[in-house]
Every structure is written in structure tokens, then in C-alpha cells.
Amino acid sequence: MVHEGLRRFIADDDAAGLQAAAVTKVRRILSFLQDMEREDEIGTVPHWKAHPRARGRLASRSVAVTEHCRLTFQIDQTNAEIIDLDCGDCR
């Protein structure tokens, strides 16, 4: 995880580093990702516009938070966990 605001939000529930308009949706998406049992479940929420990321990052995923803010992550199939979680333009 690279985005400092997202790191602080997850660790301390401190949303200061995120867009105010994105906080509720980021919380909902993170909760969904934690509870997700199968990788294909992420596609069941159409307005998140979840999709595999283009070339170069095998198994990377992207989920829309706001028009410009996206959560990106990979799914570690071996350990069934979300890794490389990051947030683009979420400040």
C-alpha cells in the first residue's frame, strides 16, 4: 500500500488524507474486499466499474471510488488476500 492517506484510514480510521466525498465509498469497498470469498465477486457491483488493470500488472484490479479516484489492488490467490492496495487521485 503506497497512498499515505489510505494507509492512515485503514490503520487509524483517520480520513484526513482522503477526499471527503470518497470516504464512505472507500470504507464500503474495503469492507467488501475483506469479506469477499471469491475473486469474481468484485464484479457484482456494477457502479464500482471493477476491471482488470491493463498490461504489466498481472491479476491487478481497479475499482472506481469517484470520477477520478480509483482503488487498485492485486489478489494473492495463494493466501486469499488483497495485496498492493493503493489509491489514485483520492486526495
Quick check: pseudo-label points 7 Å beyond the Cα along Cα→Cβ at Thr78 and Ala11, how many nm apart are they?
2.6 nm
Would you kindly derive the ³J(HN,Hα) couplings of segment 11-24 from the backbone phi angles with the Karplus curve 6.51 cos²θ - 1.76 cosθ + 1.60 (θ = phi - 60°), listing them in order in whole Hz, with x for Gly and Pro?
6, 10, 6, 9, 8, 4, x, 10, 4, 4, 5, 9, 4, 4
Take the Cβ-Cβ distance between Glu37 and Ala64 as r, set R0 to 30 Å, and report the resulting FRET efficiency rounded to the nearest 0.05.
0.85
Collect residues whose amide H, placed 1.01 Å from N in the peptide plane, falls under 5 Å from the amide H of Leu85; neighbours closer than 5 in sequence don't count.
Gln74
On the Cα set of the chain, report Rg and Dmax in Å, please.
12.4, 35
So if a site counts as exposed when it's one of the GluC sites (Glu not before Pro), its DSSP state isn't H, G, I, E or B, and it has at most 10 other Cβ atoms within 10 Å, what's the longest stretch of the chain without one?
1-36
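Since every read-out is calculated from the coordinates, none of them should be taken as a lab result. Keep in mind it's a predicted model, so treat the numbers as computed, not measured. Because the Cβ atoms are built from the backbone with ideal geometry, glycine has one as well, and the counts that use them run over all protein chains shown.
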